[in-house]
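Engineer: First the structure, which I've put down as structure tokens, then a few questions once you've had a look.
Taken together, the values in this text are just the output of simple stated rules run on the coordinates, not laboratory data. What you are looking at is a predicted structure, and each value in this text was computed from that prediction instead of being measured. Using ideal geometry, Cβ is built from the backbone for each residue, glycine included, and neighbour counts are taken over all protein chains shown.
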Amino acid sequence: MMEVEETNFDELYEVYACMQCGKCTGSCAVSLRSDFNIRELMRIAILGNNEDVKEHEEIWDCTSCGICTVRCPRDLKPSEVIVGLRSILVEEGEVPSTIRDALESIGNNNNPWGRPKSKRADWMKDLDVEVKNLSEGDEAEYLLYIGCTASYDTRIQKVSRAAVHVLTKLGVDFGVLGEEEPCCGSEARMMGESGLFEMLVEDNMNLFKDFGISKIITLSPHAYNTFTTDYKDYKKRLEEEGIEIPNLELDVKHYTQFLAELIEEGRLTSDMMNEFNKTVVYHDPCYLGKRNNIFKPPRKVLSIIPGINLVEFERREDRSLCCEGAGGRMWSEGTGTGERNAVIRVRDANTLNAEIITVACPFCLSTLEDGRSTAGYEESMEVKDIFEILDEVLK
Ligand code: SF4
Ligand code: SF4
């Protein structure tokens, strides 16, 4: 039996219930253009020979989109089995160098981008409004959790600044953590580094307690998913190991949920906005949509913008085409050949005459902008976060 931290795969994931029907592979967009085959990897987990995993370098192709788990007729979690299989490779040091570097950087710098912690607040330099810093004694109702990519990537930093503008204009009492903001650990977990993730859960829960944080608005669906789901699971796991974790009930919302609530409360209305006469298509991020069934809030926010022509992809909501940005794929090219999903997505948007693809996730923004360049639509199409559109239209 294959061992992961002295627990067998069947105890963790009930892999013996897998009937090898292949529905997971049939639903996996990655398997269409690479040797990656989740059904086959389930079989390897059932047979339990560590050496077999090492022969499947395509295991790093998985984007952790989660659709295989949604579609499994046995209610198994094949996407989690991938995380478990990867953790064997991490433990044995059998990881691609780019993944290894990203993991080491999370351990050393608290971000996967190899950037110093002292530069984490650089995105705030050009801000023209004051922002509370909860790590410097300021108090606020909400922490706006920026995340690693939106802190360091110069393109995504614009989304962070747009978020600050919008929340300030809406009178939300929020603050940030600046240089003290930690990595949420989502990508470390998905790349199979559960030990590092455990450390982050412990450190971050203590940090939230120390700074009096219990309500969090996230820019990224990945941070949202990990704070709401993985932190709870790991907290239990750590406590079983005798590690005390602060008993904090975190109230975490992705920003589109938060804004949709402001609309319900009448605190965000069309009257507060200028006309936006553009054709816009919304791309559902896997970690909001497929993994958390959050389909309506982003659409609700976009739909109240006056003048907007909101069109829809045929493959949307739980059938949305994954952009291939998650599950460590920002640090791993993947073994697939042929056109990337992000390029296909941009072409689909073009057939809808969309002038803007709008997203609510830093990884989607990054991959779709690359796809737009590859497809040659730089002049005719923009990729924007919903926060950026709101920043433009709010009076
Ligand atoms: S869909 Fe579920 S039962 Fe079918 S092969 Fe995949 S993991 Fe096994
Ligand atoms: S999580 Fe997505 S990419 Fe990974 S195996 Fe499942 S369907 Fe394929």
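Engineer: Would you mind telling me which residue in 12, 310, 250 has the biggest mean-square fluctuation in a Gaussian network model of the chain, where springs connect alpha carbons within a distance under 10 angstrom?
Structural biologist: Greatest mean-square fluctuation among the candidates belongs to 12.
Engineer: Could you size up the charge dipole of the chain around its Cα centre, putting +1 on the beta carbon of Lys and Arg and -1 on that of Asp and Glu, and report it in debye to the nearest 20?
Structural biologist: Values: 45 positive and 72 negative charges, 284 e Å.
So the magnitude is around 1360 debye.
Engineer: Want the number for residue 249 to residue 232: 0.36 nm per residue separation, take away the alpha-carbon distance, what's left? Each step should come with its number before you reach the end.
Structural biologist: Numbers: separation 17, 0.36 × 17 = 6.12 nm, distance 0.96 nm.
In short, 5.2 nm is gained.
Engineer: Run down the aspartates and glutamates and flag those whose C-alpha is under 15 Å from the C-alpha of residue 395, throwing out any fewer than 8 positions away in its chain.
Structural biologist: Correct list for residue 395: 271, 275.
Engineer: A further question follows. Which whole-angstrom value gives the distance between the alpha carbon centres of the range 250-327 and the range 1-77?
Structural biologist: The two parts, judged by their Cα centres, are 31 Å apart.
Engineer: Quick one: Debye curve from the C-alpha atoms of the chain, no solvent, what's log10 I(q)/I(0) at q = 0.07 Å⁻¹?
Structural biologist: Debye output, listed in q order: -0.31.
Engineer: Next up: Considering the chain as a Gaussian network with a 10 Å cut-off on Cα pairs, which listed residue, 249, 91, 382, attains the greatest mean-square fluctuation?
Structural biologist: 249
Engineer: Determine the calculated [θ] at 222 nm for the chain from helices alone, applying -39500 (n - 2.57) to every DSSP H run no shorter than 4 residues and normalising by the residue count; nearest 500 deg cm²/dmol. Don't skip to the answer; put the middle values down first.
Structural biologist: On the way: 18 runs with 166 residues, N = 395.
So the helix-based figure for the chain works out to -12000 deg cm²/dmol.
Engineer: Determine, from the Cβ-Cβ distance of residue 199 and residue 20 and an R0 of 25 Å, the FRET efficiency 1/(1 + (r/R0)^6), rounded to the nearest 0.05.
Structural biologist: Details: r = 36 Å, r/R0 = 1.45.
Once the sixth-power term is evaluated, E becomes 0.10.
Engineer: Tell me, in nm to one decimal, what length is gained between residue 125 and residue 8 on full extension, where the rule is 0.36 nm per residue of separation less the Cα-Cα distance? Spell out each step's value before the answer.
Structural biologist: Values: separation 117, 0.36 × 117 = 42.12 nm, distance 4.89 nm.
This chain segment gains 37.2 nm when fully extended.
Engineer: Provide 264, 51 in ascending order of the number of other Cβ atoms located within 10 Å of each residue's Cβ, fewest first. Spell out each step's value before the answer.
Structural biologist: Numbers: 264 10, 51 7.
With the fewest neighbours first, 264, 51 line up as 51, 264.
Engineer: Separate question: Listing 279, 337, 25, 269 from the residue with the fewest other Cβ atoms within 10 Å to the one with the most, what is the order? Can you show the working numbers first?
Structural biologist: Numbers: 279 14, 337 7, 25 21, 269 10.
So the residues, fewest neighbours to most, are 337, 269, 279, 25.
Engineer: For 52, 61, 233, 284, what ranking results if the residue with the fewest other Cβ atoms within 10 Å of its Cβ goes first?
Structural biologist: Placing the least packed residue first, the sequence is 233, 52, 61, 284.
Engineer: Mind checking the full-extension length gain between residue 395 and residue 315? Use 0.36 nm per residue of separation minus the Cα-Cα distance, one decimal, nm. Display every interim value, and only then the final one.
Structural biologist: On the way: separation 80, 0.36 × 80 = 28.80 nm, distance 3.35 nm.
Gain on stretching residue 395 to residue 315: 25.5 nm.
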